[in-house]
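Please treat every number below as a calculation from the coordinates, not as lab data. Keep in mind it's a predicted model, so treat the numbers as computed, not measured. Quick reminder, even Gly has a Cβ in these numbers, built from the backbone with ideal geometry, and neighbours come from all protein chains shown.
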Amino acid sequence: MALVNTPKPAPPRHIAIIMDGNGRWAKKRSLPRTAGHAAGAETFRRIANYCRELGVEYLTVYAFSTENWKRSADEISGIMRLLRRYLEEALADMDKNRVRFKFFGDLSKLSPELQTLCRNAESRSNEYDVQVNFCLNYGGRDEIIHAVKGFMADVAAGKARVEDLNEQVLADYL
């Protein structure tokens, strides 16, 4: 019996990952929560490399939400150290890996050093094909507030009218 050569299905164009449960994973193993974040970061690195090999065009990772600031100072510090190390390694290997970096969220609350690393990663990788989106200090409620403020600013400037606000108009500001 001959096997039929069926075409290999195309990979998805965009995959999104929510980094959630790393602290609980560590706690179940009697490890500090930061060990869970380190394991999660390494898992993300493996997934990102695999997605690149498959030909996935966009990979989005929700890495640190606006709500994550409520965690302990030690845990936040550990997560920021992991982020710094990841970005430094990514910058060192950028020409080899050829991955474009984009950052979403309010980066102004990150340390100046991390903000610089994010900007450098974006500018140095602008011409690459595969894109990894990092959502940092990002949250749905915060996004809605920014959208409403943008709409209100346009109303004040005479570029928009309050009576024209509907779901699509708001979506355009998100």
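Dividing the mean sequence gap of close Cα pairs (under 8 Å, 6+ apart) by how many residues segment 14-138 holds gives a relative contact order of 32 percent. The trypsin sites (Lys or Arg not before Pro) of segment 1-61 that DSSP puts in a loop, and whose beta carbon has at most 14 other beta carbons within 10 Å, are R13, R29. Across V162, V148, V130, mean-square fluctuation computed from a Gaussian network of the chain (C-alpha pairs under 10 Å connected) peaks at V162.
Beyond 25 Å, the tail of the calculated P(r) for segment 14-138 holds 21 percent of the Cα pairs. Here the dipole of segment 1-133 is about 420 debye; that uses its Cα centre as origin and unit charges on the Cβ of Lys and Arg (positive) and Asp and Glu (negative). Which chymotrypsin sites (Phe, Trp or Tyr not before Pro) from segment 86-144 combine a DSSP loop assignment with at most 15 other Cβ atoms within 10 Å? The qualifying sites are Y128. Legend: ranking of residues E75, E88 from fewest to most surrounding C-beta atoms inside 10 Å; resulting order E88, E75. Listed by chain and number, the lysines placed with their C-alpha closer than 16 angstrom to that of K28 amount to none; residues fewer than eight positions away on the same chain are left out.
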